[in-house]
Amino acid sequence: MAKAVTLKELSKKELLFAPGHRLCAGCGAPIVVKMVLLASDYHLVAANATGCLEVSSCISDYTAWKIPWIHNAFENAAATLSGVETMYRSLKKQGKIDKEIKFIAFGGDGGTYDIGFQSLSGAMERGHDMLYICYDNGAYMNTGIQRSSATPFGADTTTRPAGSVVPGKTEQRKNLTKIMAAHNIPYVAQASPSHWADLVRKVRKALEITGPKFMNIVTPCNRGWRSRTDDAITLSRLAVDTCYWPLYEIENGVTKITFRPREKKPIADFLKTQGRFKHLFKPENEVLIGKIQESIDREWEKLQKEEACFAS
Amino acid sequence: MKLKNWKEVTPGAVITEAGSSVKFKTGSWRSLKPVWIEENCIQCLFCWIYCPDMAVKVKDGKRTEFDYDYCKGCGICALECPGKKGNKAILMVEEEK
């Protein structure tokens, strides 16, 4: 196993995501991008699905990216990058390029779970040598907090507002990490920016593997989550500690939990920090918190059993 | 920056200068300002890794001053700062006019 990463060692590397981008104060996305780019020692080429990250990091003559970066449309970050990757392989074969280059696609949950899903599924199935990173902030934050299939149960969004008729979103979020694992690709992982060493290690591991890789990273959004600007890291840590966002990886079909909270916190600890769940604490809705806790316990139990299947 | 007319725009709106966003200063967005108290700093570099605006400058593995040109004043660094013996090395103060 590679030696542990230290911040001191990482801090000596050049940051490939520049300041001056126009993401909100306290946004989680640039933290995720910065960590992902810091993790790599290769030349990188990135593609971006439409979303907060894309519109704010590349406005007309200002780009925050210090690596070749392409944006095409909302639905096709994976398809675009698979084309770029194919061209690279062709040029390499022709002897026109000799650099070792790795390819990373970034998409928000809207551009990954919903709109870009078929192109992502296709690129993964075709076996392109690329890493797809989904920064999951749980709604279409860029266009004004509309619900997506990544929005958690009970969250208040502008297209499913909590009120006297419905208590926010009434459907469960889809488990995209598991869906990507079902593509039988070599590497799938879930990470959180609060656990930076785990995140960096996963990106490094993914880049060493040839073939399609997928990582899902929880990314707090203080505008959409209705939280404070300074708590992006605290909230992503709480998401991990409550097992709302368990940290695990599935390598060649083998599940491994990479971080086990010392003490699993109740989900209410996570929910009460965010205005989007405020209505759940009204007496008539409290039963829903129990329901959320139940589904989290069930998923966590399932994950541990999956891991146990392979432990020998 | 002067607006370009359509003849001056590159085909495909390609930007050839990497990291040109540094020309756009976002420091004016700030209403709270982080202040670094060096004697309480244990050089853990959490502020550096967690800063969304790359506004914590590090030299030779050591933290130095904030880059107020880009800091948006979100306060993540101050919240995550472990400090020394319970004394934070980063405090948020009201931005002056």
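The values are calculated or read from the model by the stated rules, or taken from the named source; none is laboratory data. Keep in mind the model is a prediction, meaning the values are calculated, not measured. Cβ coordinates were reconstructed from backbone atoms using ideal geometry, including for glycine residues, and neighbour counts include every protein chain displayed. These accessible areas exclude ligands, DNA and RNA; they are computed on the full protein's heavy atoms, side chains included. Shrake-Rupley method; radii C 1.70, N 1.55, O 1.52, S 1.80 Å.
Normalised by the number of residues in chain A, the mean separation of alpha-carbon contacts (under 8 Å, six or more apart) gives a relative contact order of 16 percent. Residues within the reach of a label modelled at A:Y42 (point 7 angstrom out along Cα to beta-carbon, backbone nitrogen below 11 Å), restricted to the stretch A:189-231, are A:204-213.
The shape of chain A can be summarised by an equivalent ellipsoid whose semi-axes, obtained from the alpha carbon gyration tensor, come to 31, 22, 19 Å from longest to shortest. Once backbone amide H atoms are built at 1.01 Å from N, A:F106 has A:A47, A:N48, A:A49, A:I133 as its partners under 5 Å, excluding neighbours fewer than 5 places away on the same chain.
Let me check something: with ligands and nucleic acids excluded, how do B:I15, A:I233 order by accessible area (1.4 Å probe), largest to smallest? It would help to have the intermediate numbers written out before the result.
Working: B:I15 45, A:I233 0 Å².
If we order B:I15, A:I233 from most to least accessible, we get B:I15, A:I233.
Would you mind telling me the share, in percent, of accessible area of chain A contributed by carbon and sulfur at probe 1.4 angstrom?
The computed percentage sits at 54.
Spread over its residues, the convex hull of the C-alpha atoms of the stretch B:26-94 is 73 Å³ per residue. A 1.4 Å probe over all protein chains sorts A:D136, A:D297 by accessible area into A:D297, A:D136, starting with the largest.
Can you work out the FRET efficiency for the pair A:K305 and A:T170, with r the C-beta to C-beta distance and R0 = 41 Å, to the nearest 0.05?
0.90
Along the stretch B:53-63 the Karplus relation, 6.51 cos²θ - 1.76 cosθ + 1.60 evaluated at θ = phi - 60°, assigns HN-Hα couplings of 10, 6, 9, 10, 8, 10, 10, 6, x, 10, 6 Hz to successive residues, with x for each Gly and Pro. Lysine pairs in the stretch B:26-94 whose alpha-carbon atoms fall under 19 angstrom of each other, counting only those eight or more residues apart or on distinct chains, come to 7. Helical content of chain B, expressed as a calculated mean residue ellipticity at 222 nm, amounts to -2000 deg cm²/dmol (DSSP H runs of 4 or more residues, -39,500 (n - 2.57) each, divided by residue number, nearest 500).
With respect to chain A, whose longest principal axis is taken over its alpha-carbon atoms, helix A:77-93 is tilted by about 20°.
When chain A is treated as a GNM with alpha-carbon contacts under 10 Å, the residue of A:G110, A:G95, A:G83 showing the greatest mean-square fluctuation is A:G95. In sequence order, the stretch A:142-149 has phi-based couplings of 4, 9, x, 6, 8, 5, 10, 6 Hz under the Karplus curve 6.51 cos²θ - 1.76 cosθ + 1.60, θ = phi - 60°, and Gly or Pro positions carry x.
Per residue, the stretch B:26-94 exposes 47 Å² of accessible surface when a 1.4 Å probe is rolled over the protein heavy atoms with every protein chain present. Counting only protein heavy atoms and rolling a 1.4 Å probe, how much accessible area do B and A lose on contact, total for both sides, in Å² to 100? Chain pair B/A: roughly 3200 Å² of buried accessible area.
Shown for the stretch B:1-41: residues covered by the partner protein chains by 40 Å² or more of accessible area relative to the chain by itself (probe radius 1.4 Å), namely B:M1, B:I15, B:G19, B:S21, B:F24, B:W29. By DSSP, the beta bridges lying fully in the protein assembly as shown are antiparallel in about 50 percent of cases. Here's the list of lysines a cross-link from A:K102 could span, going by alpha-carbon distance under 22 Å and ignoring same-chain residues fewer than 8 apart: A:K3, A:K12, A:K13, A:K34, A:K66, A:K92, A:K93, A:K202, A:K205, A:K213.
Averaged over the residues of A:25-33, the number of partner chain Cβ atoms lying within 10 Å of the residue Cβ comes to 5.
So if I take the alpha carbon set of the stretch A:1-157, get Rg, then get Rh from the Kirkwood formula, what is the Rg over Rh ratio? Reported Rg/Rh (Cα atoms, Kirkwood Rh): 0.98. Helical content of chain A, expressed as a calculated mean residue ellipticity at 222 nm, amounts to -10500 deg cm²/dmol (DSSP H runs of 4 or more residues, -39,500 (n - 2.57) each, divided by residue number, nearest 500). Across the stretch A:114-248, the volume of the C-alpha convex hull divided among the residues equals 109 Å³ per residue.
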